[in-house]
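What follows is calculated from the coordinates using simple rules that are stated; it is not laboratory data. Computed from a prediction, not measured in an experiment: that's the story for all the values here. Positions of Cβ are generated from backbone atoms using ideal geometry, with glycine treated the same way; all protein chains shown enter the neighbour counts.
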Amino acid sequence: MGESYEKLWGEGLKLLRVLTEAGYEAYLVGGCVRDRLIGRPLHDIDIATSALPGAVQALFPRTVPTGLQHGTVTVMIDGTPFEVTTYRTETGYSDARRPDEVSFVSDVREDLSRRDFTFNAMAVGLDGELLDPFGGREDLSAGIVRTVGRAAERFGEDALRMLRAIRFGAEFGFELAADTWDGIASQKQRLAHVAMERVGAEWDKMMSGQGPDQACAWLRDSGLLAYTKEPLPVRAAKWTSSDAETAIRLSVIEDIDARWAAYWICAGASEAEAAASCKALRMSGKRGARIAGVVGFERRLTENGASRRLAARNLNGVCDRETWIEAVLDYGVAAAEDWLAIMEAARGDKIGCAERHWLDGMPITRISELAVRGDELAKALGKPPGPWVARRLRRLLSEVAHGRLANAKDALLKAVSILQSEDNGT
Ligand code: ATP
Ligand code: MG
């Protein structure tokens, strides 16, 4: 653990000292305690205290009223935020997502009992003592995700916890306790109460984490994906990374959006289904376009029946050079690069495959790189500009990209009149 790690933890302890010296109880709680015990990097520190929000605000010079009604004040120390939350319990959960009411309590153990998993329900005090009323430490060393209390009840209160169970399990390489898994099975329909944005954010964290393959396998096997608030394409749940020949492990793909693209490809989704899914999961338009673009690119390569499933494919000779170049022109170099990254990750090396050489050998890949502009072309042919110009340019692009025509203005203008007469002016 590095210096900044110890510094952050030390700052947290200083905060506890201020609260304690003012006569309140205070503990480091939740994720930071868990992460310290398993030696993971800390990203933030949460503190639970008996002090009411007003008292916390009065004790520290720089605070932000993050969620006063829920008891949370953010204390800023040297530009680092610390979330300080008054001990509380939650009741009501009539919408299967958020408590109807939170009440402040005086016993830290009550606060710990509202938390989702045993390893998230531990606290450390100033003296370094560990409060662990639900056996979180034991579950951490055994590698088990277990809810505090009966899983069916806890997932019934807040359906988001089902996704969190899968996320933590996959991230840490843990098993789900039998009761926790059964709880998901019995409560999965309640996922419909969770905003799509939250589903997207949780799934995205799973995808970018250490165990995306396990996470996706659990999402599929649990049946959860059939119960999202907005429907995902049926294929979303059909994802499979492996078959007799090869496997594409998402975890070996570096880029997160390339992982997503590989997910939809392996799920058998079409470009439109991938795009609709990204949208339903509230990804940005930019990310959705990129992910769906790679899926479209892959479908384009294999649409002439050349396709065996991506995961099973011999990585050389997916398609012919002609098809490859046209797909690059239609979907762009970025999609081709993402596709190659997926392939290279699947194969475990970067030794050039045929497609890589074809891509590198393309003299140009975009209309804007052509040595002739649309207006020049219209003028040379003596016709008024119109949609036909873009079609002509696209045709010239093909010729140049395939290496059949030099990218020089004279050659291009000459070729375009020949194409013009060939195509009968279309
Ligand atoms: P990470 O930030 O690494 O995802 P974390 O455990 O810090 O993990 P947060 O979402 O930051 O997770 O929540 C902080 C703590 O609040 C958790 O450790 C847990 O004790 C509690 N908590 C968060 N979300 C829930 C929930 N939906 N139900 C019950 N307790 C929760
Ligand atoms: Mg956290």
How many angstrom separate the Cα center of the range 167-220 from the Cα center of the range 80-99?
21 Å
With +1 on the Cβ of every Lys and Arg and -1 on the Cβ of every Asp and Glu, and nothing else charged, how large is the dipole of the chain about its Cα centre, in debye rounded to the nearest 20?
1500 debye
Can you compute the radius of gyration and Dmax for the range 15-65, using only the Cα atoms, both in Å?
12.3, 35
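With viscosity set to 1.002 mPa s at 20 °C, what whole-number translational diffusion coefficient in µm²/s follows for the range 143-225 from Stokes-Einstein and a Kirkwood radius over Cα pairs?
174 µm²/s
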Note, ³J(HN,Hα) from phi for the range 290-297, Karplus 6.51, -1.76, 1.60, rounded to Hz, x at Gly and Pro:
5, 5, 5, x, 5, 5, x, 4
Between Gly125, Val328, Thr147, whose Cα lies farthest towards the positive end of the dipole of the chain when Lys and Arg beta carbons carry +1 and Asp and Glu beta carbons carry -1, centred on the Cα centre?
Val328
Relative to the first principal axis of the alpha-carbon coordinates of the chain, what is the inclination of helix 3-21, with its axis defined by its Cα atoms, in degrees from 0 to 90 and to the nearest 10?
30 degrees
0 to 90° range, to nearest 10: angle between helix 321-331 axis and the chain longest Cα axis
60 degrees
Taking the dipole about the Cα centre of the chain, with the C-beta of Lys and Arg at +1 and of Asp and Glu at -1, give me whichever of Ile77, Ala371, Val252 is farthest to the positive side.
Ala371
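Give me Asp116, Asp360 sorted ascending by neighbouring Cβ count inside 10 Å, so fewest comes first.
In increasing order of surrounding Cβ atoms, one gets Asp360, Asp116.
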What size of dipole, in debye to the nearest 20, comes out for the range 367-422 about its Cα centre when the only charges are +1 on Lys and Arg C-beta atoms and -1 on Asp and Glu C-beta atoms?
120 debye
Residue by residue, what Karplus-based ³J(HN,Hα) values in Hz, rounded to whole numbers, does the range 101-109 have, using 6.51, -1.76 and 1.60 with θ = phi - 60° and x for Gly and Pro?
8, 10, 10, 6, 10, 9, 10, 4, 5
Karplus (6.51, -1.76, 1.60) ³J(HN,Hα), θ = phi - 60°, over the range 358-372, in Hz, Gly and Pro reported as x:
4, 5, 4, x, 6, x, 9, 10, 9, 4, 5, 8, 5, 7, 10
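May I ask for the net charge around Glu355, where only other residues with Cβ less than 11 Å from the Cβ of Glu355 are counted and Lys, Arg are +1 while Asp, Glu are -1?
On the way: positive: Arg321, Arg356; negative: Asp320, Glu337, Glu344, Asp360.
Spelling it out: positives minus negatives among the neighbours equals -2.
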Among Gly156, Ala26, Phe134, whose Cα lies farthest out toward the positive end of the dipole of the chain, if unit charges sit on the beta carbon of Lys, Arg (+1) and Asp, Glu (-1)?
Gly156
Charged-residue dipole, Cβ positions (Lys, Arg, Asp, Glu), the range 1-135 about Cα centre, Debye nearest 20:
180 debye
For Lys409, the lysines lying under 22 Å Cα to Cα, once residues fewer than eight places off in the same chain are dropped, come out as Lys379, Lys383
So the angle from the long Cα axis of helix 160-172 to the longest Cα principal axis of the chain, reported in degrees to the nearest 10, equals 80 degrees
Would you list, by chain and number, the aspartates and glutamates whose Cα falls below 15 Å from the Cα of Lys238, excluding same-chain residues fewer than 8 positions away?
Asp213, Asp221, Glu273
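Lys and Arg at +1, Asp and Glu at -1: add these up for the other residues within a Cβ distance under 14 Å of Met76 and post the number. Let's see the in-between values first.
Values: positive: Lys14, Arg62; negative: Glu11, Asp44, Asp78, Glu83.
Residues near Met76 contribute -2 overall.
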To make sure I understand, if each residue's beta carbon is the centre and we count other beta carbons within 10 Å, what order do Glu326, Glu6 fall in, fewest to most?
Glu6, Glu326
Relative exposure of Glu157, Glu83, judged by other C-beta atoms within 10 Å (fewest first):
Glu83, Glu157
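Translational D (Stokes-Einstein, µm²/s) of the chain at 20 °C and 1.002 mPa s when Rh comes from the Kirkwood sum over C-alpha pairs? Walk me through the numbers before you get to the answer.
Working: Rh = 25.2 Å.
Rounded to a whole number, D works out at 85 µm²/s.
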